[in-house]
Number of protein chains: 2
Amino acid sequence: MVWDAWGVAAAHTPLPERIRTLVAQVFSVSGESVARRDEAEVPLRESALTSALRAGLAAVVGADHISAGHRDRLLHAGGKSTPDLLRRRADGPQDAPDAVVFPADHEQVLAVLAYCAEHGVAVVPFGGGTSVVGGLDPVRGRFEAVIAVDLRRLDHVTEVDPVSATATLGAGLTGPQAEALLAEHGLSLGHFPQSFEFASIGGFAATRSSGQASAGYGRFDDMIMRLKVATPVGTLDLGRAPASAAGPDLRELFSGSEGTLGIITEVTLRVHPIPATTAYQAWSFPDFATGAEALRSVVQNGAAPTVLRLSDEAETGLNLARSGDIGGAPVTGCLAITTFEGTEAHVAARSAEASALLAAAGGAALGEQPAREWEHGRFAAPYLRDALLDVGVLCETLETATSWSNIARLKAAVTTTLTEALGAQGTPALVMCHISHTYPTGASLYFTVVAKQADDPVAQWAQAKRAVGDAIVAAGGTITHHHAVGADHRPWMTDEIGDLGARVLRAVKDAVDPAGILNPGKLIP
Amino acid sequence: MVWDAWGVAAAHTPLPERIRTLVAQVFSVSGESVARRDEAEVPLRESALTSALRAGLAAVVGADHISAGHRDRLLHAGGKSTPDLLRRRADGPQDAPDAVVFPADHEQVLAVLAYCAEHGVAVVPFGGGTSVVGGLDPVRGRFEAVIAVDLRRLDHVTEVDPVSATATLGAGLTGPQAEALLAEHGLSLGHFPQSFEFASIGGFAATRSSGQASAGYGRFDDMIMRLKVATPVGTLDLGRAPASAAGPDLRELFSGSEGTLGIITEVTLRVHPIPATTAYQAWSFPDFATGAEALRSVVQNGAAPTVLRLSDEAETGLNLARSGDIGGAPVTGCLAITTFEGTEAHVAARSAEASALLAAAGGAALGEQPAREWEHGRFAAPYLRDALLDVGVLCETLETATSWSNIARLKAAVTTTLTEALGAQGTPALVMCHISHTYPTGASLYFTVVAKQADDPVAQWAQAKRAVGDAIVAAGGTITHHHAVGADHRPWMTDEIGDLGARVLRAVKDAVDPAGILNPGKLIP
């Protein structure tokens, strides 16, 4: 990815004319894009890694696989949250890791961690670089220097077991790389978060990622059969069977550990045959509450679509504004998307069952086209955010989850808080929401907020984010459903797990990372 | 339950004549039942709890809720494994906790633990008393005395949320109590392990229980939304949403903690409406390998029965011997059971999909009756074990799980090892097996082994158990799929989680139970 925006440069496009006109009117911005800085000209904090430490690390990974070069450091400067991108577009010097190392395999990762623990160098594990919660901030903690450990060379499929429908994948494989390698065996992982094109297998595991097909294939943590983790004090190899009662499930300690307890180097995952067929069906609901009840009916009856999502009125309206209409016919109310994957017979039975439930709950069928269009554009939103940031519009997302009975309350609390927090700063906000992950007991809520950038947009958003984080906790939501904790959600971790839970996490941290080199300042309160 | 056998006395029956004749022939036993000891006459180790400690505990729970009486101590002497029952039927003094306390609520449990930590008294948390792995052994560890903390008074439903399909249940509720209370709201938990009639909600959570309807409703750990845990240093209240990316899932540390890290006092569980209908269908397969492939096809295609199980040839044959025939028609080969629960439409679609897959995989439909008979008798096997023990036959079960591609190898390894280990002692064994829990990536294997009791049947089984535990690990299985670890599987815990995993568990233990009072000698290597 480019250093100061999402994705690859070739995919960057200016704001569509229709949106440009709309945001210029609504948010009183010029609509003109600001030129971005030349990467080579960006002032960067000098590397704090001594030549002795650099030589020591080079001895572990090979001199060709460590870099303190300007470009490598910039490309590992952090993640892709809106504040990250705003900071990078701002003038002034940038921070970045003091060097980047590219270990070849698990043994080299182990050796890098042992070296850094011995010599007091902080380590930021780096997968696809897509964190939107500050999980990759180059924090030195109490150490002089910090390095990024980039896992891209751990890009192998170690084992494929088509009978058991499992595959063992290197942590550095990106989503598309993993799917391509599995496709050679007729298999698919089916994990498609919005970060899919760039994020890595290790990153998915370390952050409890959840993909757009979670209704069908589960969250990433559900898919994890076995985890191999390198820590400063040795290796963990966890997971012996599809299910076990042999004590606490330690995989669940390292899944979601966000590089603070070790570096995940290899993951054995549940996979499935590439589906024989996919059925698409879009629906319209008169309002969000009706649509949410319909989704609840589908998931509580086990009708098992592969994708099941619902946009609220505002998001449905914006999608209309982007494409003029959806699938050739204007959509009012709230748009819902379903897809079904599997054998012909399986798909036919499931889509019939789900369609009957959605229709009975007040849905009007819109046909295939809107669902196909959603799928076609599903990884594009972060590019649109960049184009909005370029014209002076603030655009950020946040997400939570709660029980079905609490969905309306939580949605209202978040919407009101964001509207008030940004409105009070003189920048009225448009807040949109969708449900994209459903469970028998509840669902996620994913919010997109758009407003005019204030003079200091990082401070502007920080203020809103503090308010909305508190509001989420007060309204009974989790601080994050799938974006993870990183640095940005750390203030609310004690709300999530309590003081004693935080002590438990610190006890585990002390056991596996006694020197405290792993990803300082993230996750653990 | 009675102290020296499974279940309630009213349900005890002598061995059916058909089985008595069979085992007398096969195992050269007399077939005559040995009289059991009068409970009041059993010599019991004197209580080691000082009167001061007893008074201190009485001050916490009330004088009416602590007992060092003979009968209360006997009834908390341990669990219900075959070695447990053999030891109780043997002459000589019995060990038991030095007293039993019955706290009223979470706060009293907290206070009991704080008191015991301060005064150095070991604690065995006690739910339904159904452990078959030594999880309830009254081990004192480095302390002078041990008490059982019986949770039966934590028997309330705190909250029911029919919209979100969740219910918050006290840890002391037994399976039938929980189902009865939920039925008042039209809801069901759907967790039916063989211990269902006696085991408790807290015990299910603490041991990662898995019920016979796991194909439909998941393992107990899948159902846990929220856990409240009392520890010697305070309370943990874990779980904020149906799914979260807020770091490691600490629920998964306390689920399966078997009373070594705290006492689970309250669990919020996913429930479901009492199903409108249940469909039953039994199948016959020519051999176990063909049947296992058929089950794999069903679960990997997401055909989603509620119950899905397969007996091997030996177990199918014994079931025949018990009932003469199954469902009116003799069954050869291997018997499989499926049930489907839900709405009429859901059940019709699912059973059609599963039936097509099972037939295509070589199954012959046997109709409803064998499946109904299986359901009718599904909690009876432990009573049969008692009747067998009474006539000098050794009968024990063990279980494991592995990937589909490893099922045949693991089954052969266990069968061969048990056959050889018992045969070498001059007591040839009959080893039966079934698959009762299936996953997309693999399945459980549950073994029942029957042989003539040797002169020292506890030592006889211990020798076989050591051999078979080693064989399971060597053949790539988990040491337990749903019986848990307790004292009996602890020798293999380091194989499951490695040295570093064991260090992680000990670090967590030190954080929440610094005095080490909680269930000494169990789980943690």
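The values are calculated or read from the model by the stated rules, or taken from the named source; none is laboratory data. Values in this document were obtained by computation on a predicted structure and should not be read as measured data. In this analysis, Cβ positions are derived from the backbone assuming ideal geometry, glycine residues included, and neighbour counts consider all displayed protein chains. These area figures cover heavy atoms from the full protein model, side chains too; ligands, DNA and RNA do not enter into them. Shrake-Rupley method; radii C 1.70, N 1.55, O 1.52, S 1.80 Å.
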Completion exercise
Sorting from shortest, the nanometre distances separating the label point of B:Ala183 (7 Å past Cα along the line to Cβ) from those of the same residue in the other copies are 5.4
Fill in the blank from the handout: Between chains B and A, the summed loss of accessible surface on complex formation, probed at 1.4 Å and reported to the nearest 100 square angstrom, is 5500 Å²
Fill in the blank from the handout: Comparing each residue of region A:340-367 in the complete protein assembly with the chain by itself (heavy atoms, probe 1.4 Å, ligands and nucleic acids ignored), those losing at least 30 Å² of accessible area are A:His346, A:Arg350, A:Glu353
Fill in the blank from the handout: Counting only protein heavy atoms and rolling a 1.4 Å probe, one gets per residue an accessible area for region B:277-377 in Å² of 37 Å²
Exercise for the section: Find every distance from the label point of A:Arg45 to the corresponding label point in the other copies (7 Å from Cα along Cα→Cβ) and write them in nm, one decimal, shortest first. Expected result: 6.0
Handout entry: Peptide-level mean, for A:509-521, of C-beta atoms on other protein chains within 10 Å
Key = 1
Completion exercise
Taking the chain alone as reference and the full protein assembly as comparison, with a 1.4 Å probe on protein heavy atoms only, the residues of region B:437-482 that lose at least 40 Å² of accessible area are B:Thr441
Completion exercise
Interface call, region B:224-246: threshold 30 Å², probe 1.4 Å, accessible heavy-atom surface of protein chains, chain by itself vs complex, result B:Val233, B:Leu236, B:Arg240, B:Pro242, B:Ala243, B:Ser244, B:Ala245, B:Ala246
Fill in the blank from the handout: Rounded to a whole %, the carbon-and-sulfur portion of the accessible area of region B:451-490 at a 1.4 Å probe is 47 percent
Practice task
Could you work out how far the C-alpha centroid of region A:281-316 sits from that of region A:438-506, in angstrom?
Solution key: 24 Å
Exercise for the section: Roll a 1.4 Å probe over the protein chains and send me the accessible area per residue for region A:473-513 in Å². Expected result: 29 Å²
Practice task
Within a 10 angstrom radius of each residue's Cβ in B:154-164, how many Cβ atoms of other chains show up on average? Whole number is fine.
Solution key: 3
Fill in the blank from the handout: If amide H atoms are modeled at 1.01 Å from N in the peptide plane, then the residues at a separation of 5 or more from B:Thr306, or on another chain, having amide H under 5 Å from its own are B:Thr339, B:Phe340, B:Glu341
Practice task
Work out which helices of chain A, taken as complete DSSP H runs, extend at least 27 Å along their axis over the Cα atoms and score a mean Kyte-Doolittle of 1.0 or more, then list them.
Solution key: none
Practice task
Report the paramagnetic label zone for B:Asp510: residues of region B:228-255 whose backbone N is under 20 Å from a point 7 Å from Cα along the Cα-to-Cβ axis.
Solution key: B:231-234, B:253-254
Exercise for the section: Find the accessible area per residue for region B:134-231; the probe is 1.4 Å, ligands and nucleic acids are left out, and the unit is Å². Expected result: 30 Å²
Completion exercise
In deg cm²/dmol, rounded to the nearest 500, the helical mean residue ellipticity at 222 nm of chain B, built from -39500 (n - 2.57) for every DSSP H run of length 4 or more, is -11000 deg cm²/dmol
Completion exercise
Scoring chain B by relative contact order with C-alpha pairs under 8 Å, at least six apart, yields a percentage of 16 percent
Completion exercise
Of all GluC sites (Glu not before Pro) in region B:138-243, the ones in DSSP coil with at most 10 other Cβ atoms within 10 Å are B:Glu184
Practice task
For A:Ala424, place a label point 7 Å out from Cα along the Cα→Cβ vector, do the same in each other copy, and report the separations in nm, one decimal, smallest first.
Solution key: 7.5
Fill in the blank from the handout: The percentage of the accessible area of region A:1-131 (probe 1.4 Å, all protein chains present) made up of carbon and sulfur atoms, to the nearest whole number, is 53 percent
Exercise for the section: Holding the Cα-Cα limit at 19 Å, pick out from A:Lys411/A:Lys522; B:Lys411/B:Lys465; A:Lys411/A:Lys452 the pairs that are longer than that. Expected result: A:Lys411/A:Lys522; A:Lys411/A:Lys452
Fill in the blank from the handout: Heads up, chain A by the C-alpha gyration tensor (a ≥ b ≥ c square roots of eigenvalues; a/c under 1.5 rounded, else a/b over b/c prolate, else oblate) looks oblate
Problem - 10 Å Cβ neighbours from other chains, averaged over peptide B:494-500 - result: 6
Fill in the blank from the handout: Reduced to Cα centres, the span from region B:333-369 to region A:103-151 in Å works out to 52 Å
Completion exercise
A 1.4 Å probe over the protein heavy atoms gives region A:387-435 a carbon and sulfur accessible-area percentage of 59 percent
Practice task
Measure out, as a whole number of angstrom, how far apart the alpha-carbon centroids of region B:398-422 and region B:230-273 sit.
Solution key: 33 Å
